Amino acid sequence: MTRDDTGGTAAVDAVVVGAGFSGLYMSHRLRELGLSVQVFEKAPDVGGTWYWNRYPGARCDSESHIYCYSFSEEIREEWEWSERYPEQPEILDYLRFAADHLDLREQISFETAVESATFDEDAGTWTVETDGGESVTSRFFISAVGCLSEPYTPDFDNRDAFEGESYHTARWPQNGVELAGKRVGVIGTGSTGIQLTPEVADRAGHLTVFQRTPNYAVPARNRPLGDDEWAEIKANYDEIWEDARFSWLGMPFEMTHATTAGLSDEEIRDALEEGWQAGGFRFLHTFEDTLFNDDTNEIVSEFLREKIREQVDDPETAEKLVPTAHPYGSKRPPMDYGGYYETFNREDVTLADVAENPITEFTPEGIQTTANHYDLDTVIFATGFDAMTGALLAMDIEGRDGYTLEEAWEGGPRTYLGLGVDGFPNLFTITGPQSPSVLSNMPVSIEQHVDWIADCIEYMQSEGYEYIEPQSAAAERWVSQTNMLADQMLFSEAESWYRGANVPDKPRVFTPFPGGVETYRRECERVVENGYEGFEFGQSVDGVAGSAD
Ligand code: NA7
């Protein structure tokens, strides 16, 4: 590839940012189309999320046989997952295997972060600059940065005064962290904190969990996958994947019941027990209206509250662990892999309720709350991410007329189908805001987006188009539709990262598309069938300029 910042001719056809699930598959598809591709990846290896999140207990909440690529028969034939839910090291190995199998490494620049991408209207190209001082021009600029890639650490007073060690779970050291005998504090009880807590309790001398909002964790019911089970999965692979593609969450599970209405207490209890035994996201498939109907949701939430009380010996601790302020599912439902609630029965584990007694500051020796000082050797921030938009906005992206993505999204993200942004020609955002993304099993949504983008570029090649851009009216409509659907659901009843509520000053907008994977896929297909309705194509940049419909 020639490095070129002179404008005029693009040095490569496409720059792809990120070498996780989406960046790897995107670069593979583009290369198959005969395009030259440059991938930039911040990490020293492939893996994306699964490169960075290597804290003890890190595991995917989607079942392994659907948390992978479906497009390559060879990859699926050669790879076997060892457990029902894949653990981080195994997923990372899988992505390394896929990158090698598809021979993708050569087009990736590792340890290289994209700092800016600027659209040059005269040349009709993107100029992409990296932290290594490289500058490359490209026709297409494709973000594969993931939805949960920009770690968020709250700005506690005197955070830097702490003299012990501190780590964010999403930047866990390669060689692990020695926790034996240490007094460890974990801040955060989201999916990550819940996976991490039992593991840290097993290793540390003493663990204090700083909980602001209690959560509803459902047992995942992890177990090894046997040969028979694998044979069964492989025999039905195509059908399983087709079901996943046309499902609610990108998972091939049937809803057990439409609603609780009309069922006896015993029937409801049996259904919930069945879901509880099935575990993981299968529990969420017990009643179809759990996220729509207050009555059903309250029944499900109360069932889970009772389950928490049953697992915790001390009634006072149990009540602190019982969520009452938000309905089940209005925040991302976490999974329990190792007796999360029972961890609080241990003598060497303390629950610090920082909703009741907030953290006031860090001190050289630990954490001060309004009630106590906690002496600590190590603090672990399981405090989540600047989700959905953080990693995109961390790059300075400038579209037409010097208009930046930050300006365009001042009031919250605004895309058409989560695939493109008006004012930013030839920019594609894989699993971008207003697509199902985090409300789905990611590989299913990633494959759909990558295929859609690659097919679109192929269409452009065949029609002689150089540029594509969403119409602003189409983006406007799509954002309203996403918001309208979210308003009909129970998501507004929680301060969640789905709505940007975890990061101070972030616009409070519901960001993923909540209408389900099937509905979304059909809409994307409809758009294509109608000649890419809502998009403008052109042979020159001006051909798509001012794309009002
Ligand atoms: P989450 O779900 O954002 O959880 C972050 C946790 O950190 C959550 O319990 C927060 O409490 C807590 N938090 C954040 N800021 C503070 C402050 N200032 N004080 C105390 N506690 C705080 O992130 P995860 O990494 O667990 O999960 C993210 C996704 O990654 C997950 O859903 C999967 O999709 C993969 P809060 O609830 O805001 O009161």
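The values are calculated or read from the model by the stated rules, or taken from the named source; none is laboratory data. Remember, it's a predicted structure, so these values are computed and weren't measured experimentally. Positions of Cβ are backbone-derived with ideal geometry, glycine not excepted, and every protein chain shown enters the neighbour counts. Areas reflect the complete protein model, heavy atoms only, side chains present, ligands, DNA and RNA absent. Shrake-Rupley method; radii C 1.70, N 1.55, O 1.52, S 1.80 Å.
Which pairs turn up if I take residues in the stretch 160-187 that are in a loop (DSSP other than H, G, I, E, B) and away from the ligand (no atom under 16 Å from the Cβ) and look for partners that are of a type in the set (A, V, I, L, M) and at pLDDT 95 or above with beta carbon separation below 7 Å, at least 6 apart in sequence or on another chain?
Listed pairs, sorted by first residue: 164/376; 164/379; 179/200; 179/204; 182/204.
Identify, please: which residue in the stretch 295-323 is part of a loop (DSSP other than H, G, I, E, B) and without any contact (Cβ under 8 Å) to a residue 40 or more places away in the chain and is, among those, surrounded by the fewest Cβ atoms within 10 Å (Cβ to Cβ)?
That would be 313.
List the pairs whose first member sits in the stretch 372-391 and is open to solvent by 20 Å² or more (accessible area, probe 1.4 Å) and away from the ligand (no atom under 13 Å from the Cβ), whose second member is of a type in the set (Asp, Glu) and in a strand (DSSP E or B), and whose Cβ atoms are under 9 Å apart, counting only residues at least 6 apart or on separate chains?
So the pair list comes out as 377/165.
Restricting attention to the stretch 130-145, does a residue exist that is within 14 Å of the ligand (Cβ to nearest atom), under 21 Å from the mean Cα position of the chain (by Cα) and not in a strand (DSSP E or B)?
For the stretch 130-145, residues within 14 Å of the ligand (Cβ to nearest atom), under 21 Å from the mean Cα position of the chain (by Cα) and not in a strand (DSSP E or B): absent.
Which residues, taken from the stretch 392-408, are out of contact with any strand residue (DSSP E or B) (no Cβ under 7 Å at 6 or more places or on another chain), in contact (Cβ under 8 Å) with a residue 60 or more places away in the chain and assigned to a loop (DSSP other than H, G, I, E, B)?
Passing the criteria: only 394.
Looking only at the stretch 432-451, count every residue that is touching a Lys or Arg at 6+ places or on another chain (Cβ under 9 Å) and either among the acidic types (Asp, Glu) or away from the ligand (no atom under 16 Å from the Cβ) (or both) and tell me the total.
Here the count works out to 5.
Are any of the residues in the stretch 3-10 outside any loop (DSSP other than H, G, I, E, B) and either hydrophobic (A, V, I, L, M, F, W, C) or away from the ligand (no atom under 16 Å from the Cβ) (or both)?
Looking through the stretch 3-10, none of the residues is outside any loop (DSSP other than H, G, I, E, B) and either hydrophobic (A, V, I, L, M, F, W, C) or away from the ligand (no atom under 16 Å from the Cβ) (or both).
How many residues does the stretch 493-505 hold that are touching a residue at least 60 places away in the same chain (Cβ under 8 Å) and more than 12 Å from the ligand (Cβ to nearest atom)?
Number of matching residues: 1.
Residue under question is residue 209, and the condition is that it be touching a helix residue (DSSP H, G or I) at 6+ places or on another chain (Cβ under 8 Å), within 16 Å of the ligand (Cβ to nearest atom), in contact (Cβ under 8 Å) with a residue 24 or more places away in the chain and not in a loop (DSSP other than H, G, I, E, B); does it hold?
In short, yes.
For the stretch 148-159, what are the residues that are more than 8 Å from the ligand (Cβ to nearest atom) and either open to solvent by less than 40 Å² (accessible area, probe 1.4 Å) or within 28 Å of residue 20 (Cβ to Cβ) (or both)?
Listed by number, the residues that qualify are 149, 150, 151, 153, 155.
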